[in-house]
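This report concerns only the one structure given below.
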Amino acid sequence: MNAVWDLLIRLPINEKIKNSLFEVSESWDSLLEVKSHHPHRLLYCLQIIEDFLLDKEAERLK
Amino acid sequence: MMLLLFNITNIHQYLNKDLQNKLIPAIKTAIQRRLTFISDKEIKDLDREILVKFLFRAQNLLIHYFPQEEIYLMTETAELDLSLKFLTCPYFEKRLRGINEIKELTEKIEFHEDFAKEPQQYSSIYSQKMTKKLNAKMFIEWINKNKIFDLILGDSIHIEIIKRTHEIIKFIAKFEKLPLNLLDLLWNSCAGKHEAITIGIYNLIVEIADILDTQGINYLKQKINSIPDEEQNDITLNLVKGFAQKTLPSSSIKALKEGSYEVDESKFHCVDTLWRLMLDESKLSPTLSENALNGLIETLKERSCQDLKKVYLRASLEKIRKNESVSQCINLVHSLLSTTFHTHRYDIENSLGGVLEQLDTEFDIVELLITEFEHFHRRMQEIFSKSKSDPTEEEKEKVYFGKYSYTINFHNRLAFLEYILTNPSYELSFSLKQLDRLWELLALNAIWESDRDYFFNWISKNHESSSYEDFSSVIEKEMIPQFFEKILCNHKKLDFINMSPKAFECFQTYFRTINEIKGNFKTVKGSKFLIYDLAYEGKESLWSIFLNCKNQNTISKVVNVLVSCCLRLGQNLEKEKKKICEEFTYKCMNLLKEGYQKQNDRLISKSVLLLMSFFDAFEGKIRPEATEGGEKRRYNINMTATIVLKPDNNIKHVSINSTQSIGYLRSLISESFGFATNEFKLYCKGSLIESDEDDSALYNFPFGGPYIIFKVQPPKNDSGDFHPKLIMTQNTEYIDLLFKLLSEDVQGKIFSLKIK
């Protein structure tokens, strides 16, 4: 299933998931689906957040 | 004595007559005695130059007092007798000198004889090179009287002396018939002797074979044929071959009747011996039989065998019909047809086309070869049906059929069939039924897996050109549609499930060819193809192979073809590229969904592989398995390409591997300059690189650049920003499906994920 993960992260970020994270429309538990035991989804969301933070940092340093 | 002779020569004219009359005959007798009674020890120390000088002086002196002819005869005979003394001397060096002198004398006598026949043709300078009195008859008498050959070929026989005997025997044959007892002596002289002596004698026999009369030839032929098979070796075979070639008639021996294969074979000697020795029924080892076969081929290539070789072609095909000595007969026919007939048809009788036509009329060559192949295959299967386990690859070399290993038998048959079927001089082709029989034999019931792959490779070979337009294979163009439909697209004939990469390559070759023929594909630069009609032949089978095949290497190849069939679009389909890519993506996602629903891991893996390859190809990245192995390894270099944007002269550098494609370079340029891929034109060394080159690897272009780009206005309605990845990412259902697939496999595997 590594290949499925490779495929997933090769795709551009899903806008719907990204927006829901940026808008913090729900609780973080629910947004990150921590309780549903979907570690891949959690990882995917964390990566989106990391990318966002890195972009901000890069902007700040400019 | 030399001193005495020197002094007398200087003063003899001043002597009175009486003294001269007493002294000169005494000197003559003394000279004769001196030469007659010369001892072995003296011979050993004797300098040839001094001896020649001595004879010359004696001749000059005596010639004033005796008839010229008498003196010449005396000195020349003395020379001959001296050479005999040398030859019989116990010292080898002197014996060698003896034979050399005899040989030199034969040359001089030959000049003498030629001069006697036509004196006007020879100027005075030849007088030094010829004997004055000694003639051929006298010489031969001397040879016989002194039993020179008994001496040469007797107990003290030596190879260096034999080597110098050729000319003497040839000389005798030129002026007199060679006596049979000399031939007998020659033949018997190698009995029980060292190999080098035997070779020397056999070479001598071959050397003189062309000057023998019929009786001599027949006598030696009978001797040669009496060598038992068990005693044949490379040396005897060289004798047979050499004798056969040297005794060939000087002009071509025609067939007895026009168009007939009958030739007066009595005019040829030992050619039939070579034929007999190459056959399975001879007791020769395979190597020696091969040697005999090569000797036969070499002999039949001679001009005088023009009609005889047709006799052997026919005899070989007759043997093949009887399933006897097939491998060697195939080699003989193949070699004769491919090297000894001309391809033009001016001389129809002797043209390749004409001969093939004659043979085909009589033997139905293709049918004959397939029927024989079936027989061979059946026999091999019988051998292996007795063993409990499947035969291993090593056994292939150990199993013999006739005189040759299984592998040689197998390859010879296919090589000859290939030659026959692709020969442009005369059209011979498979019927569908014959093709099916061969397929049944070699694809469905191959004894070894490697044979099956060899056959797939054989049947897909394109013989003349890398372009599919000039496709020339063992299957004629008209037969290809039927072959493709009835055999290659038929899963009962081609095992889609266990398909090997070679089997798929075979499918792929004909898939491209049939679609070229039907105008669905066109081959462009670099033997790539472009698709002009999406309803191409074999589409269903291609997908069926993809879905059913279990061989991972084959699947990679199928994936490449499927992706190419989606992305390599001809100009007429370029506008529909977005739609085609969308449909392809949907198809892949549907397969992924089906895999998830049916819990079919294989289908999931295949679908993901297909999507990844599709994205790679779309982005211009060449996946390693998609490039040709050898080339890829040779040019696998990481490099930095310099890109210059004109006219601004803005320079950027991109890192790329030489095996990656121009399309990928284009995408890197696009990223680093911030243009869409259709917003610039790419030039290399002043030449525009068209987008149809995008699949080509970078090593096909000069390394390092600099590549020049010019910004251009993108064409309207161009789907430059489109990427099939967007279809997936914008569709939440697809993203959810990917998460579902991942969650199925989640326990304990999360930490093994490589997060990129």
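The values are calculated or read from the model by the stated rules, or taken from the named source; none is laboratory data. Predicted model, so just to flag it, every value in this text is computed and none were measured. All Cβ positions, even for glycine, are placed from backbone atoms using ideal geometry, and neighbour counts span all protein chains on display. With ligands, DNA and RNA removed, areas are computed over all heavy atoms of the protein, side chains included. Shrake-Rupley method; radii C 1.70, N 1.55, O 1.52, S 1.80 Å.
Roughly how many nanometres apart are two label points built 7 Å out from the Cα toward the Cβ at B:GLU583 and B:SER251?
7.4 nm
Relative contact order of chain B, please, whole-number percent, based on alpha carbon pairs below 8 angstrom and at least 6 residues apart. Please list the in-between numbers first.
Details: 848 pairs, mean separation 36.3, N = 756.
Relative contact order here is 5 percent.
Relative to the first principal axis of the alpha-carbon coordinates of chain B, what is the inclination of helix B:406-422, with its axis defined by its Cα atoms, in degrees from 0 to 90 and to the nearest 10?
So the inclination is approximately 80 degrees.
How far apart, in nm, are two points set 7 Å out from the Cα along the Cα-to-Cβ line at B:ASP264 and at A:ALA58?
9.7 nm
Name the long-range amide H neighbours of B:LEU153: under 5 Å, sequence gap of 5 or more, or other chain; modelled H, no Pro or chain starts.
none
With a 1.4 Å probe, how much accessible area is buried between chains A and B, both sides summed, in Å² to the nearest hundred? Please list the in-between numbers first.
Working: alone 5320 and 38340 Å², together 40990 Å².
Counting protein atoms only, the buried area is about 2700 Å².
Would you work out what percent of the accessible area of region B:86-219, with all protein chains in place, is carbon or sulfur (probe 1.4 Å)? Write out the running numbers ahead of the final one.
On the way: 3260 of 6750 Å².
Solvent-exposed carbon and sulfur of region B:86-219 make up 48 percent of the total.
Around B:ILE689, which amide H atoms from residues at least 5 apart in sequence, or from another chain, sit under 5 Å from its own amide H, with H modelled in the peptide plane?
Excluding prolines and chain starts, which carry no amide H, the hits are B:LEU682, B:TYR683, B:CYS684.
Once fully extended, how much extra length lies between B:ILE235 and B:ASN135, figured as 0.36 nm per residue of separation less the alpha-carbon to alpha-carbon distance?
Extra length available between B:ILE235 and B:ASN135 comes to 32.3 nm.
Short version: ³J(HN,Hα) in whole Hz for each residue of region B:171-178, in order, from phi by Karplus 6.51 cos²θ - 1.76 cosθ + 1.60 (θ = phi - 60°), x for Gly and Pro, what are they?
Computed from phi, the couplings for region B:171-178 are 4, 4, 5, 6, 9, 8, 5, 6 Hz.
Determine Rg/Rh for region B:669-709; Rg is computed over alpha-carbon atoms and Rh is the Kirkwood hydrodynamic estimate from the same atoms. All intermediate terms of the calculation are to be shown ahead of the outcome.
On the way: Rg = 10.3 Å, Rh = 10.9 Å.
Reported Rg/Rh, Kirkwood definition of Rh: 0.94.
Classify chain A as rounded, prolate or oblate from the Cα gyration tensor: take a ≥ b ≥ c as the square roots of its eigenvalues, call it rounded if a/c is under 1.5, otherwise prolate when a/b beats b/c and oblate if not.
Numbers: a/c = 2.16, a/b = 1.24, b/c = 1.74.
In terms of gyration-tensor shape, oblate.
How large is the accessible surface per residue of region B:1-123, computed with a 1.4 Å probe and reported in Å² as a whole number? Show your work: numbers first, answer last.
Details: 7230 Å² over 123 residues.
Result: 59 Å² per residue.
Suppose R0 equals 41 Å; then what is the FRET efficiency for B:ASN60 and B:SER39 from their Cβ-Cβ distance, rounded to the nearest 0.05? Spell out each step's value before the answer.
On the way: r = 26 Å, r/R0 = 0.64.
Here the calculated transfer efficiency is 0.95.
Determine one quarter of the surface area of the Cα convex hull of chain B, which equals its mean projected area, and express it in nm² to one decimal.
On the way: hull surface 216.5 nm².
For the Cα atoms of chain B, the hull's average projected area reads 54.1 nm².
Average partner chain C-beta neighbours within 10 Å, per residue of B:497-507? It would help to have the intermediate numbers written out before the result.
Working: counts 0, 0, 0, 0, 0, 0, 0, 0, 0, 0, 0.
So the per-residue partner count for this stretch is 0.
Using a Förster distance of 45 Å, how high is the FRET efficiency between B:GLU324 and A:ARG10, based on the Cβ-Cβ distance and rounded to 0.05?
Numbers: r = 64 Å, r/R0 = 1.43.
Once the sixth-power term is evaluated, E becomes 0.10.
Kindly sort B:MET589, B:MET479, B:MET1 by accessible area of their heavy atoms, largest first, with the probe set to 1.4 Å.
Working: B:MET589 0, B:MET479 20, B:MET1 85 Å².
My answer, sorted largest first, is B:MET1, B:MET479, B:MET589.
What average number of partner chain Cβ atoms lie no more than 10 Å from the Cβ of the residues making up B:17-26?
Numbers: counts 0, 0, 0, 0, 0, 0, 0, 0, 0, 0.
So the per-residue partner count for this stretch is 0.
Going by amide H atoms built from the backbone, whose H comes under 5 Å of the H on B:PHE401, apart from near neighbours?
The list, which skips near neighbours in sequence, is B:TYR406.
Just name one of B:LEU248, B:LEU153, B:ALA173: the one whose Cα is farthest towards the positive end of the charge dipole of chain B (beta-carbon charges, Lys/Arg +1, Asp/Glu -1).
Result: B:LEU153.
Can you list the HN-Hα couplings for region B:370-383, worked out from phi with the Karplus curve (6.51, -1.76, 1.60; θ = phi - 60°), rounded to whole Hz and with x for Gly and Pro?
These are the phi-based 3J(HN,Hα) values: 5, 4, 5, 4, 4, 5, 4, 5, 4, 4, 5, 4, 4, 4 Hz.
From the P(r) of the protein assembly as shown, could you give the percentage of C-alpha pairs in the tail past 51 Å? Intermediate results must be reported in sequence, preceding the final value.
Working: 163642 of 334153 pairs.
Of all Cα-Cα pairs in the protein assembly as shown, 49 percent lie more than 51 Å apart.
For region B:331-393 and region B:411-450, compute the distance between their C-alpha centroids and round to whole Å.
About 10 Å separates the Cα centre of region B:331-393 from the one of region B:411-450.
Give the peptides A:14-27, B:105-118 in descending order of average Cβ contacts within 10 Å, highest first.
Numbers: A:14-27: 13.1, B:105-118: 16.9.
Result, highest mean first: B:105-118, A:14-27.
Below 8 Å, C-alpha to C-alpha, sequence gap of six or more: please give me the relative contact order for region B:294-446 in percent. Don't skip to the answer; put the middle values down first.
Numbers: 120 pairs, mean separation 34.3, N = 153.
The normalised contact order for region B:294-446 reaches 22 percent.
Ratio of alpha-carbon Rg to the 2.2 N^0.38 Å globular estimate for region B:283-336, to two decimals, please. Please report the intermediate quantities before stating the final value.
On the way: Rg = 11.0 Å, N = 54, 2.2 N^0.38 = 10.0 Å.
Relative to the 2.2 N^0.38 Å estimate, region B:283-336 comes out at 1.10.
Counting only C-alpha contacts under 8 Å and six or more residues apart, can you give the relative contact order of region B:459-603 as a whole percent? Intermediate results must be reported in sequence, preceding the final value.
Working: 142 pairs, mean separation 28.4, N = 145.
So the answer I get is 20 percent.
How many nm is it between the label spots at B:ASP533 and B:ASN7, if each spot is 7 Å from the Cα in line with the beta carbon?
So the label points at B:ASP533 and B:ASN7 sit 11.7 nm apart.
How many partner chain Cβ atoms sit within 10 Å of a residue's Cβ in peptide A:41-47, on average, as a whole number? Spell out each step's value before the answer.
Details: counts 6, 1, 4, 5, 0, 1, 2.
Per residue, the average neighbour count from other chains is 3.
Kirkwood Rh and Cα-based Rg: tell me the resulting Rg over Rh for region B:89-230, rounded to two decimals. Working shown, then result.
Values: Rg = 16.5 Å, Rh = 16.3 Å.
With Rg and the Kirkwood Rh in hand, the quotient comes to 1.01.
Under the classification rounded if a/c is under 1.5, otherwise prolate if a/b is larger than b/c and oblate if not, where does region B:203-355 fall, given a ≥ b ≥ c as square roots of the Cα gyration tensor eigenvalues?
Values: a/c = 1.99, a/b = 1.24, b/c = 1.60.
Oblate.
Using r as the Cβ-Cβ distance of B:SER655 and B:LYS492, and R0 as 35 Å, what FRET efficiency do you calculate, to the nearest 0.05?
On the way: r = 50 Å, r/R0 = 1.44.
The value I calculate is 0.10.
Quick check: at a probe of 1.4 Å, how many percent of the accessible area of region B:367-454 sits on carbon and sulfur atoms?
On the way: 2070 of 4100 Å².
Here it works out to 50 percent.
Taking all pairs of distinct Cα atoms, average 1/r, flip it, and tell me the Kirkwood hydrodynamic radius of region B:47-125 in Å to one decimal place.
Across region B:47-125, the inverse of the average 1/r is 14.0 Å.
Per residue of region B:234-250, what does 6.51 cos²θ - 1.76 cosθ + 1.60 with θ = phi - 60° give for ³J(HN,Hα)? Whole Hz please, x for Gly and Pro, Karplus curve as stated.
Coupling constants for region B:234-250: 4, 5, 5, 5, 5, 5, 4, 4, x, 5, 4, 6, 6, 9, 5, x, 6 Hz.
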